[in-house]
Amino acid sequence: MEVIHTVAELRKYLQGVPNNVFVPTMGNLHDGHLRLVEEAAPRGACTVVSIFVNRLQFGPHEDFDRYPRTLRDDCDKLESIGVDVVFAPDEAELYPQPQQYVVNPGPIEDILEGAVRPGHFRGVATVVLKLFNMVQPKAAVFGKKDYQQCLVLKNMVQQLASPVEIILAETVRADDGLALSSRNQYLSATERAEAPRLYRVLCELKDALHRGTHSYATLEAEAMTELARHGWKPDYITVRRQSDLLPPSEEDRSLVILAAARLGAPRLLDNVELQLNS
Ligand code: PAF
């Protein structure tokens, strides 16, 4: 496995490898990331993983400085599953000048996660497009746990006519249902025992929708109350349509229930998709 830190070296290395599949990450890798790599590997001749903690997508009061940097451990994990290239640039390499040209994702950047984290998706889209230009992959893999991010990036490649195919991988869960996330490491033992409730509440809401209860607002409010009763501070639990994450109309059948809630300090995200019968 090659660990490469500069764009010049990366371009040189990848010159003879046109068929690469890319997994962008911010490092601190867990089994969820490794599953993205497993999704990527059979699709191309070369698997490239980037590790870069992207300042642009952090708000002024978020944990950019404290975000765990664990390059050595990450590389060990990636090597053990057969990754070909790790691209780990430093900030001066990725942003040699202040980044003035940015990708503006439009209205989707102001709802849900975007409303809670202004500028976040602009930062994500900008770095991902820049990484695409460096790696020039034929496809890139992202996890559905960050559902809104997936949609932002799918829309980006479509609207900017990027040739990169976006592949979405299912959320990886612990045995008790908790979606794997770097943030789980900040849960205390008691919080970790409580954390699977988020997924349970989403599944219950999904079941209620399948049973034909269509009062989305009531179901959302009940789910938020259920979490709050167990010490959570929910930002939102909301039923949306998959296509644009706007509130569904009666005719919409492809839905997703998205949730973000704080349990102690960590803020956990999760979602479940559902298909209503027509
Ligand atoms: O999902 C992430 O880890 C990041 O948002 C990404 C896609 C690597 C961009 O920095």
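The values are calculated or read from the model by the stated rules, or taken from the named source; none is laboratory data. As the structure is a prediction and not an experimental result, all values here were calculated from the model. Neighbour counts are summed over all protein chains in view; Cβ atoms, including those assigned to glycine, are modelled from backbone coordinates with ideal geometry.
Going through the stretch 171-206 one residue at a time, which ones are under 21 Å from the mean Cα position of the chain (by Cα), within 24 Å of Y67 (Cα to Cα) and not in a loop (DSSP other than H, G, I, E, B)? Steps first, please.
In the first step, residues of the stretch 171-206 are kept if they are under 21 Å from the mean Cα position of the chain (by Cα); the result is 171-187, 192, 195-203.
The next check asks that each one be within 24 Å of Y67 (Cα to Cα); those that pass are 171-174, 178-187, 192, 195-196, 198.
Listed by number, the residues that qualify are R173, A179, S182, R183, N184, Q185, Y186, R192, L198.
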State which residue is nearest to the chain's Cα centre (by Cα) when the search covers only the stretch 241-278 and only residues that are part of a strand (DSSP E or B), under 19 Å from R117 (Cα atoms) and among the charged types (D, E, K, R).
-> D270
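Do the conditions hold for T213, that is, is it farther than 13 Å from L178 by Cα, among the β-branched types (V, I, T) and assigned to a loop (DSSP other than H, G, I, E, B)? Working first, answer last.
Details: farther than 13 Å from L178 by Cα: yes; among the β-branched types (V, I, T): yes; assigned to a loop (DSSP other than H, G, I, E, B): yes.
Spelling it out, T213 is indeed farther than 13 Å from L178 by Cα, among the β-branched types (V, I, T) and assigned to a loop (DSSP other than H, G, I, E, B).
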Mind checking whether some residue in the stretch 88-102 is away from the ligand (no atom under 13 Å from the Cβ) and buried (at least 20 other Cβ atoms within 10 Å of the Cβ)?
-> no
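Does A195 satisfy the condition of being modelled with pLDDT of 95 or more and within 18 Å of P234 (Cβ to Cβ)?
Numbers: modelled with pLDDT of 95 or more: yes; within 18 Å of P234 (Cβ to Cβ): yes.
The answer is yes for A195.
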Looking only at the stretch 103-146, and only at residues there that are aliphatic (A, V, I, L, M) and in contact with a Lys or Arg (Cβ under 7 Å, 6 or more places away or on another chain), the one that is surrounded by the fewest Cβ atoms within 10 Å (Cβ to Cβ) | A139
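Are any of the residues in the stretch 105-113 closer than 19 Å to V164 by Cα, of a type in the set (D, E, K, R) and away from the ligand (no atom under 13 Å from the Cβ)?
Initial filter on the stretch 105-113 (closer than 19 Å to V164 by Cα): 105.
Filter once more, keeping what is of a type in the set (D, E, K, R): none.
No; the residues of the stretch 105-113 include none that is closer than 19 Å to V164 by Cα, of a type in the set (D, E, K, R) and away from the ligand (no atom under 13 Å from the Cβ).
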Mind listing whichever residues of the stretch 131-163 are of a type outside the set (A, V, I, L, M, F, W, C), without any contact (Cβ under 8 Å) to a residue 40 or more places away in the chain and more than 10 Å from the ligand (Cβ to nearest atom)?
-> N133, K154, Q158, Q159, S162, P163
When the stretch 189-210 is examined, which residues are found to be in contact with an Asp or Glu (Cβ under 9 Å, 6 or more places away or on another chain) and of a type in the set (G, A, S)?
-> A193, A195, A208
